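What follows is a short report on a single structure.
The values are calculated or read from the model by the stated rules, or taken from the named source; none is laboratory data. Quick caveat: nothing in here was measured; it's all calculated off a predicted structure. Every residue, glycine among them, receives a Cβ derived from its backbone with ideal geometry; neighbour counts consider all protein chains shown.
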Amino acid sequence: METNEFKIGAKVEHPQFGQGIITNVTLTTYTVFFINKGDKDIAVSFQGLKLISPSNVSGEGSSGPASGISLQDLEKVFTNVLRRYADFPELVELGDKWKKGSMILKPGDPNLKPKEIPVESFFHKIVLLRDRLRVLEQRINANDILTDEEKVNLQQYITRCYGSLTTFNVFFKHKQQFFVGEKGQSE
């Protein structure tokens with residue numbers, strides 16, 4: 001099946017995550033909203049993504065819910081778009097076991113004092129970093145000056161940054177909010 005049918009609003013099926021709707025398309029990934037798994041970035045090269053019904057969200061002859069997309073599906077797409085582009089912060093929860101916890105940074109030099117940091121403060125900074133990487137990726141995708149090749153190269157660099165941050169996934173309460181690097185995108 002041709003990949004040009006994988007557009008925003010298309011219903012797809014993933015062998016692991018089930019049915020979902022494409023909510024964003026970049027040169028290298030499809031962002032798909034799965035009802036039980038939330039947003040997942042799926043590599044364009046992934047062969048296991050099956051088209052259930054093409055997009056009727058934008059284009060000639062689109063008639064909304066009557067054209068094969070339910071009102072609930074559209075609501076999820078619009079919620080995701082608002083969250084992504086209207087600068088509404090995503091609710092990201094710290095894992096329960098870390099709440100009210102602290103991190104102690106102990107220098108190798110015994111003459112220096114250790115520093116104690118609340119886990120909530122550290123987690124907040126991790127989430128801010130992730131959000132800023134996402135905004136950077138959106139700005140790259142929307143840039144009219146960069147070539148497609150330059151966009152792909154920059155997106156791959158951002159993906160490697162996400163991969164470097166996977167160590168911090170232990171702090172997230174929900175798996176769908178984890179950092180995902182290059183290996184995880186082939187899901």
Inset, instruction - Say whether the condition of being closer than 30 Å to F17 by Cα, in contact (Cβ under 8 Å) with a residue 40 or more places away in the chain and not aromatic (F, W, Y) is met by at least one residue in region 97-112. - result: no
Inset, instruction - Name every residue in region 6-15 that is assigned to a loop (DSSP other than H, G, I, E, B) and more than 17 Å from the chain's Cα centre (by Cα), in order of residue number. - result: F6, A10, P15
Inset, instruction - Report yes if I126 is at pLDDT 90 or above, within 24 Å of T166 (Cα to Cα) and in contact with a Phe, Trp or Tyr (Cβ under 8 Å, 6 or more places away or on another chain), otherwise no. - result: yes
Inset, instruction - Tally the residues that are farther than 17 Å from V25 by Cβ and not in a helix (DSSP H, G or I), restricting the search to region 145-155. - result: 2
Legend entry - Those residues of region 156-187 which are more than 12 Å from T29 (Cβ to Cβ), free of Cβ contacts under 8 Å to residues at least 60 places away in the same chain and part of a loop (DSSP other than H, G, I, E, B), in sequence order: L165, F178, F179, G181, K183
